[in-house]
Amino acid sequence: MHIAHAVARHCMSKRLCLVGRIHNGPPRKGLLKYVDLAENRDGSVGGGFLTSLLRKAKNSREVREIVNEATRRFEGTPWQLLSAATHVSAGPSVDDPQLAGTLLASISPKDIPYVWEGVLRVVLGNASRHKNGAVALNAFRLLMAQNTPLTTTDYARVIHSGIDSSEEEARLVHELLQQPCPTELDPRTIGVLLKVCHVRHNLDLAGRVWQWAAPRRHVRHGDQELCYVTAQYLLLCGRAGNIVVAHQVWQEARNTGLAYLPVVTGSMLSALAMHGADGETLELLKDIPPASLNLYMVTAALTAFSHSGNVDAAHALLEQVEMHGSQTPSASIQSYTALVDGYARSEDFASALAIIDRAMCQSRVGEDDVMWMTVLGPCRRFKNIPVAQTAFAAIQRLGSPEHRASAYVLMSDIYNACGDTMGALRMQQERLRKGLMKERGAVTLTMDNGETHVFYVREIPPALVPATRAIEQKLKEWSRWLGLCGISDQSIQCQHSEKLALAYAVTQGMRQIALRKNLRICDACHEASKQITIFESISIHHWDRSRVHVMKDGKCSCHDRY
Ligand SMILES: [Zn+2]
Ligand SMILES: [Zn+2]
């Protein structure tokens with residue numbers, strides 16, 4: 001045995017002598033310097049030495065240098081070295097998910113089963129933090145192939161990484177929800193799942209996630225880590241128009257002592273704001289000491305009051321905030337805008353303009369184009385040309401090209417509404433001359449299976465062309481019905497994007513229809529959609545640029561203030 005060993009060593013050294021020195025150039029820098037030193041000292045450099053050197057790498061370049069060195073020295077880089085290089089690349093000192101992914105992919109499939117699961121997890125975690133979906137998914141699949149029991153964190157990481165395929169993402173979420181929720185679950189996992197639901201506009205799935213996480217949510221009282229996910233879910237309920245669920249979550253947050261954390265209260269206020277639930281907002285505000293109101297809460301509350309038309313409450317709140325806010329500003333330009341919006345929509349333009357003056361007197365507030373847009377919008381309905389001209393001039397002075405273009409279009413509509421067709425035409429021509437293009441109105445319809453379709457005015461999406469006849473048929477039916485009810489069918493005649501989307505949804509048998517619009521809903525669409533909910537026995541959740549309209553039984557949650 002002893003002799004055999006000696007012979008082997010002899011042959012080994014002989015072979016190395018034959019190979020000779022690998023590196024014959026001038027002494028190298030960085031980690032390669034140590035390779036040269038070791039080679040001078042020992043006559044050869046082994047994989048073990050290079051692997052230990054890898055662990056000292058501080059950046060991607062050093063990792064690549066050592067891996068290249070190994071490739072030059074050995075026929076086929078040993079998997080142990082590649083695995084170590086992968087580990088280091090995904091680790092905190094190098095932090096390069098793409099390199100880690102490339103190295104991991106270069107390990108031959110026959111060696112993959114030997115790679116330590118810890119390495120795969122480090123790659124997964126790192127790729128997830130950097131939102132590198134492809135690398136994360138590969139690491140996750142390899143973990144799965146090793147028959148390693150997967151943890152909720154593994155799932156959360158791969159879902160968080162932003163995988164391209166939405167089917168894959170859905171499958172992973174469903175798989176995770178099959179597993180029992182661990183009581184020590186990191187609340188961020190809940191946050192990751194809720195975010196997926198938000199992106200997919202899927203409130204049902206969000207409800208399932210919330211149910212699934214119940215064991216974790218009830219494990220400790222007043223657990224601050226949970227406050228962010230609670231706030232997130234409240235906002236989601238608000239956006240999805242499900243105020244009933246928002247109330248349940250709020251009640252639960254009260255019971256677990258989370259409700260009074262500013263971010264949770266602020267989110268509940270926002271959820272209420274989207275529905276213009278001013279009574280409940282007032283109730284909630286009663287419990288908050290004025291000094292602990294922050295910008296976020298104030299704007300949310302003011303928005304709630306404005307959306308419900310309770311401008312007196314909004315005004316009182318702003319006064320209170322201005323009084324208490326001498327040291328720290330607790331009213332922002334958005335807060336003032338919310339109040340301006342409230343006044344303008346109730347045709348009190350004098351008060352709206354007075355609030356803008358007040359905002360301009362505040363050193364850290366001032367005026368902006370958004371504020372003036374909220375004045376200009378209602379001028380159409382109330383046919384007020386002098387105020388419209390003031391607002392229009394301010395927007396041209398302050399606004400972005402998009403807002404300036406919208407202001408031209410609105411101003412032209414206002415002239416039309418007042419019977420001044422020449423004025424309207426002049427506005428359109430001036431806009432075109434200045435090259436101001438308006439953002440095109442687009443409505444996104446989310447089908448029950450999560451698929452989405454985007455509709456533009458007078459334009460059925462190419463993929464839905466086979467449904468054209470059915471859509472047109474539906475629109476004709478509605479036109480007749482609206483005529484009988486004495487409601488304008490202008491939005492149908494002009495084939496507004498909302499109407500096309502709605503008609504398609506109904507022909508597909510949908511009963512709860514979710515529409516998203518990039519601009520505000522127009523009056524004609526609002527009236528017609530409300531009436532259609534009676535005719536078709538459907539409910540519509542219509543998000544526009546500023547709020548959600550929940551329409552059912554001929555009524556809208558905004559109480560027609562929009
Ligand atoms: Zn419309
Ligand atoms: Zn509405």
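Numbers at a glance
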read-out: Entries of 33/56; 29/58; 383/517; 131/195; 195/517 with Cα pairs more than 22 Å apart; value: 383/517
read-out: Theoretical ellipticity at 222 nm over the chain - DSSP helices of four or more residues, -39500 (n - 2.57) apiece, nearest 500; value: -19500 deg cm²/dmol
read-out: Fraction of beta bridges assigned by DSSP in the chain that are antiparallel (%, nearest 5); value: 75
read-out: Under-5 Å amide H pairs with residue 514, H placed in peptide plane, nonlocal only; value: 446, 541
read-out: Residue-span extension gain [residue 283 to residue 494] - 0.36 nm each, minus C-alpha spacing; value: 71.6 nm
read-out: Label-point separation in nm, residue 393 to residue 430, each point 7 Å along Cα→Cβ; value: 1.1
read-out: Region 257-299 - Rg over Rh from alpha carbon coordinates, Kirkwood radius; value: 0.92
read-out: Angle in degrees between helix 295-308 and the longest Cα principal axis of the chain, rounded to the nearest 10; value: 40
read-out: Other-chain or far-sequence residues with amide H under 5 Å of residue 549's (modelled H); value: 542, 543, 544
read-out: Selection from 235, 190, 215, by position along the positive dipole direction of region 175-246 (Cβ); value: 235
read-out: Taking N as its residue count, the alpha carbon Rg of region 367-438 over 2.2 N^0.38 Å; value: 0.98
read-out: Anchor residue 110: lysines whose Cα lies under 20 Å away (excluding residues fewer than 8 positions away in-chain); value: none
read-out: Pairwise FRET efficiency - residue 72 versus residue 454, Cβ, R0 = 60 Å, nearest 0.05; value: 0.65
read-out: Semi-axis lengths (Å, descending) of the ellipsoid that matches the C-alpha gyration tensor of the chain; value: 60, 28, 26
read-out: Cα-based helix-to-principal-axis angle, 133-145 vs the chain, degrees rounded to 10; value: 60
read-out: Least to most buried among 167, 498, 69 (fewest other Cβ within 10 Å first); value: 167, 69, 498
read-out: Relative contact order %, the chain, counting alpha carbon pairs below 8 Å whose residues are six or more apart; value: 6
read-out: In degrees, nearest ten, helix 523-536 long axis to first principal axis of the chain (Cα); value: 80
read-out: Spacing of the two label points (7 Å from each Cα toward its C-beta) at residue 402 and residue 477, in nm; value: 3.7
read-out: Length added when fully stretched, residue 29-residue 485, from 0.36 nm per residue minus Cα-Cα; value: 155.7 nm
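Read-outs throughout are calculated quantities, based only on the coordinates presented, and are distinct from any laboratory measurement. Since we're looking at a predicted model, the values are computed, not measured. Cβ atoms come from the backbone with ideal geometry, glycine included; neighbour counts cover every protein chain shown.
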